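Novice: Let me give you the structure first, and then I'll get to my questions.
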Amino acid sequence: MTGHMTTPAAALADTLPEWVTLLRAPNPGPMTLDGTNTWILGTPDGPGRIVVDPGPADEGHLARIAAHAPIRLVLITHGHPDHTEGAARLAELLGGAPVRAVDPAHCHAAPPLAEADLSTGDDLRIELLSTPGHTADSVCFLVGRGDGQVVLTGDTILGRGTTVVAHPDGDLTDYLASLSRLAAYRGVPALPGHGPALADCGAAAGFYLAHRHARLDQVRQAVAAGATTPAEVVAAVYADVDRTLWWAAELSVRAQLAHLDRERPGVDPDEPRTGRP
């Protein structure tokens, strides 16, 4: 029986590369774990650092980020406000540093992120990895310096527990494909949007894939046993989850049912489930 996962999906990273700094925002909660992770890439003697996910509009947190100036670029992994709310204010504090996101509508970024933005001109190498699923605009960043590499995973892989794939913006079919892509990065540390850094992005992605497929089997069994609505599936499959989080579980169940509907010919995965098996 697959239970509610609250532990890390891989071993924790013992250390961070010397060119990576973590600043954790003071916004802990059930959906943000210890708070949003803001990652700062680069060294004091470089041409300017890069910030990934400025986090909430907390003046103290944003001031701590700005203290690492010069900062030449702010990158966004996805548009949820716990990652982006502080972007506009941080840009002000930095004297207009550019903010870039795949979908700029939700994060005070313009124009949209392009590959040219990632040409740093120094010893940091940044590759954009398209990883939709948690949200339609979710991306990860593969960053290297010298012989070292890290993957900044946003909420696609968390440092503890699993992420919510909230239908309809979240799409489980896309998410499984994104995890398969990240599974290729064996031995590369994962720097998540929440929770501790993990030693192995590929191992974490593989663990997530196995967990998601096990959950899908449980959903199939619940539907076969007579569950006809997302709420009924939640009660059957997520009984071990705190009821205060069942609203989030139901969002994930809607994504799971849409994914399973794609396996059934003649079924529209976007049709509301209000009683059909």
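Novice: Can you tell me the dipole magnitude for the chain around its Cα centre, using point charges on the Cβ only (Lys, Arg +1; Asp, Glu -1), in Debye to the nearest 20? Kindly include the intermediate steps, with their values, before the conclusion.
Specialist: Numbers: 20 positive and 33 negative charges, 80 e Å.
The calculation lands at about 380 debye.
Novice: Using a 1.4 angstrom probe, figure out how much accessible area segment 1-141 has per residue, in square angstrom, rounded to the nearest whole. Display every interim value, and only then the final one.
Specialist: Details: 6010 Å² over 141 residues.
Averaged over the residues of segment 1-141, the accessible area is 43 Å².
Novice: Counting only protein chains, not ligands or nucleic acids, how are Trp247, Trp39 ordered by accessible area (probe 1.4 Å), most first? Walk me through the intermediate numbers first.
Specialist: Working: Trp247 140, Trp39 5 Å².
From most exposed to least exposed: Trp247, Trp39.
Novice: Kirkwood hydrodynamic radius for the chain: how many Å is it when counted over pairs of different Cα atoms? Can you show the working numbers first?
Specialist: Numbers: mean 1/r = 0.0519 Å⁻¹.
It is 19.3 Å.
Novice: Counting only protein heavy atoms and using a 1.4 Å probe, what share of the accessible area of segment 138-253 belongs to carbon plus sulfur, as a whole percent?
Specialist: Answer for segment 138-253: carbon and sulfur cover 56 percent of the accessible area.
Novice: Can you find, among Asn37, Leu128, Val237, the residue sitting farthest towards the positive end of the charge dipole of the chain, where Lys and Arg contribute +1 and Asp and Glu -1 at Cβ?
Specialist: Val237
Novice: Using the Karplus equation 6.51 cos²θ - 1.76 cosθ + 1.60 (θ = phi - 60°), what ³J(HN,Hα) coupling, rounded to whole Hz, does each residue of segment 37-45 give in order, writing x for Gly and Pro?
Specialist: Running phi through 6.51 cos²θ - 1.76 cosθ + 1.60 with θ = phi - 60° gives 8, 9, 9, 10, 10, x, 10, x, 8 Hz.
Novice: Given 0.36 nm per residue, what is the gain on full extension from Asp242 to Arg125 after removing their alpha carbon distance, in nm? Walk me through the numbers before you get to the answer.
Specialist: Numbers: separation 117, 0.36 × 117 = 42.12 nm, distance 4.18 nm.
Additional length available on full extension: 37.9 nm.
Novice: Normalising by the residue count of segment 114-187, find the relative contact order in percent from Cα pairs under 8 Å and 6+ residues apart.
Specialist: Details: 115 pairs, mean separation 21.4, N = 74.
Rounded, it is 29 percent for segment 114-187.
Novice: Shifting gears a bit: With all distinct Cα pairs included, what does the Kirkwood hydrodynamic radius of segment 109-197 come out to in Å, to one decimal, could you say? Don't skip to the end; give the middle numbers.
Specialist: Numbers: mean 1/r = 0.0727 Å⁻¹.
The Cα-based Kirkwood calculation yields 13.8 Å.
Novice: Here is a follow-up. Quote the relative contact order of the chain in percent (integer), defining contacts as alpha-carbon pairs under 8 Å separated by 6+ residues. Let's see the in-between values first.
Specialist: Working: 596 pairs, mean separation 44.3, N = 277.
Result for the chain is 16 percent.
Novice: Of Pro28, Thr7, Pro17, which is farthest towards the positive pole of segment 1-109's charge dipole, taken about the Cα centre with +1 and -1 on the beta-carbons of Lys, Arg and Asp, Glu respectively?
Specialist: In segment 1-109, that residue is Pro17.
Novice: Amide H of Leu158: which non-local residues (sequence gap of 5 or more, or other chain) have their own amide H closer than 5 Å, using H built in the peptide plane?
Specialist: Residues meeting the criterion, in which the H sits 1.01 Å from N, are Thr163.
Novice: Just from its helices, what would the mean residue ellipticity at 222 nm be for the chain, if runs of 4 or more DSSP H residues each count -39500 (n - 2.57) and the sum is divided by every residue, rounded to the nearest 500 deg cm²/dmol? Please report the intermediate quantities before stating the final value.
Specialist: Working: 7 runs with 79 residues, N = 277.
About -8500 deg cm²/dmol.
Novice: Compactness ratio of segment 181-223: Cα Rg over 2.2 N^0.38 Å, N = residue count?
Specialist: Values: Rg = 12.9 Å, N = 43, 2.2 N^0.38 = 9.2 Å.
Cα Rg divided by the expected 2.2 N^0.38 Å: 1.40.
The values are calculated or read from the model by the stated rules, or taken from the named source; none is laboratory data. All values derive from a computational prediction rather than experimental measurement. Ideal geometry is used to build each Cβ from the backbone, glycine not excepted, and the neighbour counts take in all protein chains shown. Each accessible area value is taken on the protein alone, full model and side chains, heavy atoms only, with ligands, DNA and RNA left out. Shrake-Rupley method; radii C 1.70, N 1.55, O 1.52, S 1.80 Å.
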